[in-house]
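First the structure, in the form of structure tokens, and then the observations on it.
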Ligand SMILES: Nc1ncnc2c1ncn2[C@@H]1O[C@H](COP(=O)(O)OP(=O)(O)OP(=O)(O)O)[C@@H](O)[C@H]1O
Ligand SMILES: [Mg+2]
């Protein structure tokens, strides 16, 4: 290069420097625009999981708060005590016969009839759990009333209080679970599809010919995925906190943010791995689904993990989503502190490093 | 600069196979700084592969490349800002507009947004600045792709069939663009299937087939070396075939309904003799072109 050339180059860069965006910024912007303008991607990352939240949230909406119904025939101190206990909802029925019919028909799980000192409890045996609850509850109220009738102070006193705040309400486990699923979808699909697309449309080869470090390209795309995850989190929690769904966040909810970001990183690494092997968008989508869906089911994204067999629970420890889910529900709704996210965070970092390393080994700039 | 003086690109006996297919089988050439170098050849001749090895996109099985004094393989970030590449298949970021493509690629080289507007003007895409990449026509994509290759004003430009699919206007305008770049001392290496274009633009051309260079010289020298006859075409009436054959230096005479064609390797005395006889009305002289050289060298068979 001649001196004149050099001077021209300097002048050219001098002139344009004030407006030149950093490669990292410009690549992030390009990837983000590509995402926002892709209606299908927007739908599947934002609206689709939100639809699940809305549907499941409404479906199970009053599931936790719905009280046990109990037919009540006649009146007396036991029925009054039951009423006051707030544990059951009493439905007045005119006669014992009629109540018996309703229990038989399955309209009521049980009924209590009080005539004088005579308390009669009849229950449907079809649902054993419910029957047990009803019998225990009524027995407790009856013996309470008995003690009180003797006029003596009770010898043993029971102090019962709930520990987990509203833990029974489905929205409380649905929100962290579905959010983890939503984030995993957008990060895995985003990474895999971008990689396959950029390889197919030669952008990757073109970038290889530009003086930009691979870490800058990777970092820009990861940043976009992290941004999308935060957006998803905000939208999700925002919707779940609407009065219809009634999510209540615990005090240290913000601890979920670092977890969410770490989870996104590990899912992104999974996506890079998928994208390295997949030759077409279709193959990438299929492979990503094959990984994300079973992972979501086993990690308790749609229902509490303790409902699946033990060996599956053990297996689910192999998925980053299980740990993300656990950590997020601990700080988001179970009122736990920073201790609860340390282990999940460490595990998620481990996943990211290991999967990311493998993905970088099998990375290809172009097909064949 | 390297030991090769002012060579911008030095390709030395490169070989490259894809499985059983021998795409490049021993190609050597050298491109001077400021030179406009064309690579011609039928489909599958190995032009793209040769360019990609020269750019540092592929590693040759054997042989070596010096690009601007260094080796482009493995990925050499020092040399990348000085080279501009237009790949045979356009490479664009999905869903971005023409201007955004230029801004994004420009930013990778530290080039500001005003340059994007300049480039859009340069390739006549000002009206399409806000059109998404997938809504551009084939020729518009091609022009945008060229603009993306030139956005950082590189010292050496590799263009793989830049004029393929362009309308005549765009093609001529691109010629002007390329001539202007060359005028500023930049080096251009390009492939094309338009032989008239190569003849008009290139300082030197290499004609490739089956992974090898068959001929390499200035277009004029290649045509001269072909040693093919000049054809003088006359209006038919007023001149007999026998009379034409008797002229000095005539190799052959062919006639059809409208005209008489004289083939000669020494056109000057033939034309003088014709002038003497006052037979110059409607006379046309057709000399050999690069296309004749190309067909002579590569034959008329279809390529896979
Ligand atoms: N990625 C690849 N995998 C396998 N074979 C390839 C690949 N790229 C090119 N080839 C083969 O190598 C040979 C040379 O291809 P190349 O693309 O270099 O030709 P070309 O001269 O650029 O042709 P065209 O004028 O059609 O662009 C061809 O026979 C082609 O089939
Ligand atoms: Mg080609």
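The values are calculated or read from the model by the stated rules, or taken from the named source; none is laboratory data. Only a predicted model underlies this, so the values are computations on that prediction, with no experimental measurement involved. FYI the Cβ positions are ideal-geometry reconstructions off the backbone, even for glycines, and counts take in every protein chain you see.
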**Asked** Any residue at all in region B:59-75 that is in contact with a helix residue (DSSP H, G or I) (Cβ under 8 Å, 6 or more places away or on another chain) and within 14 Å of ligand 1 (Cβ to nearest atom)?
**Response** yes
**Asked** Listed residues A:144, A:159, A:107; which is outside the structural domain of residue A:36 (by TED's automatic domain parsing) and either under 30 Å from residue A:289 (Cα atoms) or outside any loop (DSSP other than H, G, I, E, B) (or both)?
**Response** A:144
**Request:** Name the residue, out of A:338, A:347, that is in contact (Cβ under 8 Å) with a residue 24 or more places away in the chain, under 23 Å from residue A:254 (Cα atoms) and exposed (fewer than 13 other Cβ atoms within 10 Å of the Cβ).
**Result:** A:338
**Prompt:** Which of the residues belonging to region A:347-368 are part of a helix (DSSP H, G or I) and either closer than 22 Å to residue A:178 by Cα or within 14 Å of another protein chain (Cβ to nearest Cβ) (or both)?
**Reply:** A:347, A:348, A:349, A:351, A:352
**Item:** Residue, surrounded by the fewest Cβ atoms within 10 Å (Cβ to Cβ), within region A:205-229, restricted to residues that are within 8 Å of chain B (Cβ to nearest Cβ) and touching a helix residue (DSSP H, G or I) at 6+ places or on another chain (Cβ under 7 Å)
**Value:** A:211
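I need a count of the residues in region A:183-204 that are in a helix (DSSP H, G or I) and free of Cβ contacts under 8 Å to residues at least 12 places away in the same chain.
2
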**Fill in**
If we ask which residues in region B:39-50 are surrounded by 24 or more Cβ atoms within 10 Å (Cβ to Cβ) and more than 6 Å from ligand 1 (Cβ to nearest atom), their number turns out to be 3
**Request:** Return the pairs, sorted by first residue and then second, in which the second residue is part of a loop (DSSP other than H, G, I, E, B) and within 16 Å of ligand 1 (Cβ to nearest atom), the first residue lies in region B:74-92 and is free of Cβ contacts under 8 Å to residues at least 12 places away in the same chain and in the same structural domain as residue B:159 (by TED's automatic domain parsing), the beta carbons are less than 7 Å apart, and the residues are 6+ apart or on different chains.
**Result:** B:89/A:202
**Top-ranked residue in region B:98-117 [being surrounded by fewer than 20 Cβ atoms within 10 Å (Cβ to Cβ) and within 10 Å of another protein chain (Cβ to nearest Cβ); ranked as nearest to residue B:172 (Cα to Cα)]** = B:114
**Message:** Can you confirm whether residue B:60 is part of a loop (DSSP other than H, G, I, E, B), in contact (Cβ under 8 Å) with a residue 12 or more places away in the chain and within 21 Å of the chain's Cα centre (by Cα)?
**Reply:** no
**Item:** Conditions (1) more than 16 Å from ligand 1 (Cβ to nearest atom); (2) over 15 Å from residue A:210 (Cα atoms); (3) within 9 Å of chain A (Cβ to nearest Cβ); number of the one not met by residue B:30
**Value:** (3)
**Fill in**
Screening B:44, B:112 for residues that are within 16 Å of ligand 2 (Cβ to nearest atom) and part of a loop (DSSP other than H, G, I, E, B) leaves only B:44
**Asked** In region B:149-161, is there at least one residue being touching a strand residue (DSSP E or B) at 6+ places or on another chain (Cβ under 9 Å) and facing chain A (nearest Cβ under 7 Å)?
**Response** yes
